[in-house]
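Worksheet for the structure shown next.
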Amino acid sequence: MDIIIVDDDIVSLTMLKQLTEKLPECKVKEFAHPALGLAWCKHNDPDLIIVDHLMPAFDGIEFTRRLRTFPGRSETPVLMVTASDEPEVRNSALKAGVNDLLTKPYDFAQLQPRATNMLALRASQKKEPEQNVAARRKSLLDANLTLERLAGDEMLLGKVAVAFIRTAPQLLASISSALGANDLKRTFVQAHTLKGAVAAFEAPVVFNSVLNVERHAKNDDAQAAAAAFRLAQELVARLLKELLPLAPPGAELEALG
């Protein structure tokens, strides 16, 4: 597994490198400037990124935000190291796409489980890339089967589509906010509600993606819940687009504000 470390503090960089090299079957590469680390990540696919919070040019939160815009880097695990324990820093980091935070001072006993869990998550992501790609390419909604479930009532299908278009974005925003606040109880409740809304349609890939968010939140696994939510968010957004043609003329514009 390939790990990169981005930290402008040479002492901290040296210590992190020595500690991560203790992890089995891992190769470590370090960068003392965030721009260099980001440039490397654009053309290479690491299994774990450990990035410092406060650095020159731009910090670890901005590093992660830029990383997430690169093709194929939306799921790359990121662990941010910070001396701050302020909730605002944690919330901003999670919203930017950081998977977990490690607070200074720390030792190997604190670093090891976080890194190990994130590498395990990465390994599981690599096992099913074809399935995820296929899910993105094909239509998510079986409109004909959904219509059959509604006794062939096209008007009812349109009304249900509009109701979903109106409420799903709010639920997604609420889940994102709950994850940012590390509020897994609220994440579970909102994911459960969204799952019920998706269940109105024959869209099993979307349903299962939201179900995964609900399960991980119920198990108090914030890292896995956040990773599952990124995929669910993408799939729900695609479902919304597929539902627009089913809504009555003009209703979709009203629904989307």
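The values are calculated or read from the model by the stated rules, or taken from the named source; none is laboratory data. All of these numbers come straight from a predicted model, not from anything done at the bench. Here the Cβ positions follow ideal geometry from the backbone for every residue, glycine too, while neighbour counts run over all protein chains shown.
Among the residues examined, LEU48 does not qualify as more than 18 Å from ALA222 (Cβ to Cβ), within 22 Å of the chain's Cα centre (by Cα), buried (at least 20 other Cβ atoms within 10 Å of the Cβ) and among the aliphatic types (A, V, I, L, M). Within segment 231-257, being out of contact with any Ser or Thr (no Cβ under 6 Å at 6 or more places or on another chain), modelled with pLDDT of 85 or more and more than 15 Å from SER139 (Cβ to Cβ) holds for one residue alone: GLN233.
The residues listed here are VAL210, VAL160, VAL206; of these, the one that is crowded, with 18+ Cβ neighbours inside 10 Å and within 13 Å of the chain's Cα centre (by Cα) is VAL210.
Mind counting the residues in segment 2-30 that are surrounded by 19 or more Cβ atoms within 10 Å (Cβ to Cβ) and touching a residue at least 60 places away in the same chain (Cβ under 8 Å)? Summing the residues that are surrounded by 19 or more Cβ atoms within 10 Å (Cβ to Cβ) and touching a residue at least 60 places away in the same chain (Cβ under 8 Å) in segment 2-30 gives 5. The single condition among (1) in contact with a helix residue (DSSP H, G or I) (Cβ under 8 Å, 6 or more places away or on another chain); (2) outside any helix (DSSP H, G or I); (3) at pLDDT 90 or above that THR64 does not meet is (2). Could you please find all residues in segment 68-90 being under 23 Å from ALA224 (Cβ atoms) and not in a loop (DSSP other than H, G, I, E, B)? Matches in segment 68-90: VAL78, LEU79, MET80, VAL81, THR82, PRO87, VAL89, ARG90.
Within segment 165-181, the set of residues being assigned to a loop (DSSP other than H, G, I, E, B) and buried (at least 16 other Cβ atoms within 10 Å of the Cβ) is empty.
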